[in-house]
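Just so it is clear, none of the values below were taken in a lab; they were calculated from the coordinates. None of the values given here were measured: they were computed from a predicted structure. Glycine gets a Cβ as well: all are built from the backbone with ideal geometry, and neighbour counts include every protein chain shown.
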Amino acid sequence: ILRGVIVDQDSGKPLAGAAAAVISAGRVISHSISDQGGHYSCRTPPYPSTLVIAAPGYQRASLEIGATTEMDVSLSAFKARAVYMPLGILTDEERVRQMVDLIDRTELNAIVVDVKNDRGWLAYPSDVHEARRSDTFRHEVMQLSKFLSICQEHGVYTIARLVLFKDPSLAVTYPQWAVRTSNGDVWEDLSG
């Protein structure tokens with residue numbers, strides 16, 4: 001068993017909820033989530049392999065696993081400097097690549113991308129019955145796996161934006177779930 005403690009590099013405090021994964025030949029061999037004390041444990045890895053540690057708000061760490069059974073890891077805080085990418089830009093690969101190029105040329109390091117926008121449209125085909133019935137998936141958008149691959153090639157941190165409360169697509173299909181005005185009509189904002 002490979003074990004260790006995951007801590008914040010600056011404070012030395014343990015990080016609960018960090019993901020630890022042993023990767024060999026491009027496949028996840030074993031994984032765990034750190035407990036309140038920052039402890040993780042994974043099955044003994046084959047060689048060669050890599051330990052990858054990820055936690056929200058921290059830089060990901062990738063460490064080659066040697067002949068050891070203990071690896072403590074300290075993660076440094078990640079300060080996102082992001083650009084926002086509306087769902088519509090995912091329909092044009094050239095524009096996606098222009099935004100990634102902007103990040104490469106500036107102090108930016110992340111993209112906040114709509115995966116569910118304020119119209120209720122989705123950038124992925126959902127298995128949720130209500131989403132399918134509401135026909136919210138936009139078929140013309142780039143597959144998220146391709147988008148993520150482009151971002152990973154350039155070291156761009158990705159943040160998914162999901163609008164939850166405002167969902168006009170769902171309100172049209174399921175008006176009984178919509179917010180109502182005092183006179184019982186479906187409430188509408190200035191854009192209808």
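When ranked by the protection proxy of mean other Cβ atoms within 10 Å per residue, highest first, what sequence do the peptides 49-59, 141-151 form?
49-59, 141-151
Give me the tail of P(r) for the chain as a percent: Cα-Cα pairs with distance above 31 Å.
Of the Cα pairs, 39 percent sit more than 31 Å apart.
Of all DSSP beta bridges located in the range 67-192, what percent are antiparallel, nearest 5?
15
What spacing in nm lies between the two simple spin-label points modelled at Asp92 and Val28, each 7 Å away from Cα in the Cβ direction?
With each label placed 7 Å out from Cα toward Cβ, I get 3.5 nm.
Per residue, how much space in cubic angstrom lies within the convex hull of the C-alpha atoms of the range 27-97?
Expressed per residue, the convex hull around the Cα atoms of the range 27-97 is 156 Å³.
Starting from the 7 Å offset along Cα-to-Cβ, what nm value, one decimal, do you get for the label separation of Arg105 and Ser41?
In this crude label model, Arg105 to Ser41 measures out at 5.2 nm.
I'd like the orientation of helix 93-105 relative to the chain: the angle between its Cα long axis and the longest Cα principal axis, in ° from 0 to 90, rounded to 10.
With both axes taken from Cα atoms, the answer is about 50 degrees.
Out of all Cα-Cα pairs in the range 115-192, roughly what percent, to the nearest whole number, are more than 19 Å apart?
Result for the distance tail: 46 percent.
List the residues, sorted by chain then number, that are 5 or more residues from Leu122 or on another chain and whose placed amide H is less than 5 Å from its amide H.
Residues meeting the amide H criterion: Phe137, Arg138.
Counting helices only, and only those DSSP H runs with n ≥ 4, report the 222 nm mean residue ellipticity of the chain as the sum of -39,500 (n - 2.57) divided by its residues, in deg cm²/dmol to the nearest 500.
That calculation yields -5000 deg cm²/dmol at 222 nm.
With Rg and the Kirkwood Rh both taken from Cα atoms, where does Rg over Rh land for the range 148-189?
1.34
Using θ = phi - 60° and the Karplus curve 6.51 cos²θ - 1.76 cosθ + 1.60, what whole-Hz ³J(HN,Hα) does each residue of the range 123-139 get, with Gly and Pro shown as x?
9, 8, x, 7, 8, 6, 3, 5, 5, 5, 5, 7, 6, 8, 6, 8, 5
With each pseudo-label sitting 7 Å past Cα toward Cβ, what's the His154-Tyr174 distance in nm, one decimal?
3.7
Considering only C-alpha atoms, what is the centroid distance from the range 13-81 to the range 111-162, in Å?
27
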